[in-house]
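Some notes on the structure that comes next.
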Amino acid sequence: MAFTAFASQATVEQAPRKRSWIALVLLLPGIAYLVLFFLAPLISLIITSFQQPVLDGDIGEYTAGFQWQNYTDALGEYWPLVLRSFGFALIATVLALAVSYPIAYFIGVKARRFPLLQSLMLTLVIAPFFISFLLRTLAWKQIMSDEGPIVQFLKTIAILPSDGHLTGTAFSVIFGLTYNFIPFMTLPLYATLERLDTRYLEAGADLYASPFTVFRKVTVPLSMPGIISGTLLTFIPAAGDYINASRDFLGSSSTAMVGNAIEANFLVLQNYPIAAALSIVLMAVILIIVGLYVRRAGTEDLV
Amino acid sequence: MKFGKGLGLGIYTVLALLFLLIPIAYTFVFSFNDAGKLNIAWQGFTFDKWLTVCSTAGLCEAFGNSILVGLVSTVLATALGTLIAIALVRYRFRARSSISLLLFLPMATPEVVLGAGLAAQFLTLGTEKGLLTIILAHTMFCISFVVVTVKARVASLDPALEEAGRDLYGSPGQVFWRITFPLLMPGIAAAALLSFALSFDDFIITNFNSGSVDTFPKFIYIAAARGIPAQVNVIASAVFLLAIVLVIVVQVSRAARAKRLARQLG
């Protein structure tokens, strides 16, 4: 989707026109908007992350400074949350890929000759988008609650100890992240698998490759653009998410992620520099991962 | 093709899709729950919650705010994004790669960072948070998605059609409004729907930039600490049904148009 659309731009360019002042007029309002409301806020965030408290000031009063200490303080206190965020996001991304790939393959390849079935199934994949993210997550909380059917069943067959819980654990948070981002994984996978030329698969089989070898050597490489954009579209929002890990949703204080710390510091404790420093750390790590990942996977024309 | 293998995959896909629907079904069923303040255990069937939606303090106001914010930021983001998309496909200019990067970055930035960044900026400028700041924030994160969606449509547009318009002495304005714009309309409509959906369901960025104003997702977040009233499920179910009907109508009409076209050509 989004990421592949940018990757494919080289192929859609048409003959250049000369009147570049028209381009300027077309670009100026939108680009100016992004400079004012995306770029400038990022710079404010960097400035905020170095601020120092006003001497004898109230809570939430800060002044310009160059306080590197904010970063060491933030990481010193919250490093487990930072690690947990990337760990949870990584596990959720791998799980979502495992769940989504067969779905996308069936809709994109097997159901190709049945357009009606294909569009019905695609509608079902995006159906969760039409109901609030928060309500979906709360629904899972109720379903997995201690009185709910799943916990009762797991206790009956003794998988879960009689005093065990599902909600508030790492399991439920990762489950929630995986569930919530499955459509983001399935759609880009579908977009590339739908264009997969099945004659390549037949050629592989004709050359005595086992179905698994065909899958590994032909299908997976050909669907790489979808795998890349799907994993990025899942990993990035999952790493920054704080709904699933929130105490009122699927998490508890022992599952808090970096997003929870940013929210608490910014909106509750009014410790803006710490929140800003954590945001910059999160953003920097994600940009490094995206950069390495995209270079490794060979789509350098992503932007 | 091997039928057995396809069958196993088909069964898996159906089960997986049903799994995706579980929370939706749960939300819908519990909109009919005859519960008091806490809508957790099933108490019996009632239509009451559908009839008394606005009796919950602040709920309908929050919902109205979400619609308002969604509409205004959709119009703004769609207009700004469409212009950028046309420029990117049709014109060659310097700084092209920096502009692509500027469009890509908001999509690669976690929402919590976008939200905290804007909040830090509003704090520095002393801007009071409210509906305006929510709209400014939503427009920002929708623009890139509009560009991506509309760009594909601009790229598939045959420039000869516009040339024909110019050859027939159409002014640039006439060529744009009579030829380019109608041909881009499906892409623009898709981008607008996507923007509205993104804005309507956004919580994280809103939470950082809304001050005391509630939107529908923020109402849910605050209520989650105390227990969600069933009226929330009513609104969510109604929005869901409306959206699904819209999607099905669009798909059926598209399929019908494709069939008609195929018959005319065949």
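Here, each number is a calculation from the coordinates, and none is a lab measurement. Since the structure is predicted, the reported quantities are computational estimates derived from the model, not experimental observations. Cβ atoms come from the backbone with ideal geometry, glycine included; neighbour counts cover every protein chain shown.
Note on B:LYS37: aspartates and glutamates with a C-alpha under 14 Å away, same-chain residues under 8 apart excluded, are B:ASP48. Pop a pseudo-label 7 angstrom from the Cα along the beta-carbon direction at both A:GLU77 and A:SER20 and give the gap in nm to one decimal. Label at A:GLU77, label at A:SER20, 4.9 nm between them. Calculated mean residue ellipticity at 222 nm for the protein assembly as shown: -22500 deg cm²/dmol, from DSSP H runs with n ≥ 4 weighted as -39500 (n - 2.57), summed, divided by the residue count and rounded to 500. Inter-label distance, A:ALA98 to B:LEU168: 6.0 nm, where each label sits 7 Å from its Cα along the C-beta direction.
Calculated translational diffusion coefficient of the protein assembly as shown (37 °C, 0.692 mPa s; Stokes-Einstein with Kirkwood radius over alpha-carbon pairs) equals 129 µm²/s.
Full extension of the chain between B:CYS60 and B:SER212 gives 53.2 nm of extra length, using 0.36 nm per residue less the Cα-Cα distance. The chymotrypsin sites (Phe, Trp or Tyr not before Pro) of region B:81-141 include none that DSSP puts in a loop with a beta carbon having at most 10 other beta carbons within 10 Å. With R₀ set to 56 Å, the beta-carbon distance separating B:ALA41 from B:ALA79 gives a calculated FRET efficiency near 0.70. Where does region A:53-302 land on Rg(C-alpha)/(2.2 N^0.38 Å)? The value comes to 1.23. Output the pairs from A:LYS110/B:LYS49; A:LYS141/B:LYS49; A:LYS155/A:LYS217 with a Cα-Cα distance over 32 Å in this structure; if there are none, say none. The answer is A:LYS110/B:LYS49; A:LYS155/A:LYS217. Within 10 Å of each candidate Cβ there may be at most 12 other Cβ atoms; applying that plus a DSSP loop requirement, which chymotrypsin sites (Phe, Trp or Tyr not before Pro) in region A:198-303 survive? Sites meeting the loop and neighbour criteria: A:TYR208.
Between A:SER253 and A:TRP68, the FRET efficiency estimated from the beta carbon spacing at R0 = 41 angstrom works out to 0.90.
Within the shell defined by Cβ-Cβ distances under 11 Å, the residues around A:LEU278 carry a net charge of -3, with Lys and Arg each +1 and Asp and Glu each -1. D for chain B, whole µm²/s, Stokes-Einstein with Kirkwood Rh over alpha-carbon pairs at 4 °C and 1.567 mPa s: what number? Here the translational diffusion coefficient equals 59 µm²/s. For the pair B:PHE176 and A:LEU160, a Förster radius of 60 Å applied to the C-beta separation gives a FRET efficiency near 0.40, rounded to the nearest 0.05. Subtracting the Cα-Cα distance of B:THR124 and B:VAL250 from 0.36 nm times their residue separation leaves 40.9 nm of extension gain. Membrane-span-like helices of chain A, defined as complete DSSP H segments with a Cα extent of 18 Å or more along the helix axis and a mean Kyte hydropathy of at least -0.5, are identified as A:20-34, A:69-108, A:170-193, A:224-240, A:272-297. Ignoring the sites themselves, chain A has its longest run without trypsin sites (Lys or Arg not before Pro) in a DSSP loop having at most 16 other Cβ atoms within 10 Å at A:20-194.
Counted by Cβ distance under 11 Å from A:ALA239, the other residues give a net charge of -1, where Lys and Arg count +1 and Asp and Glu count -1.
The gain in end-to-end length when the A:ALA264 to A:LEU292 segment is fully stretched comes to 7.0 nm, 0.36 nm per residue minus the alpha carbon separation. Look at where the Cα atoms of region A:222-283 and of region B:17-35 average out, and the two centres are 27 Å apart.
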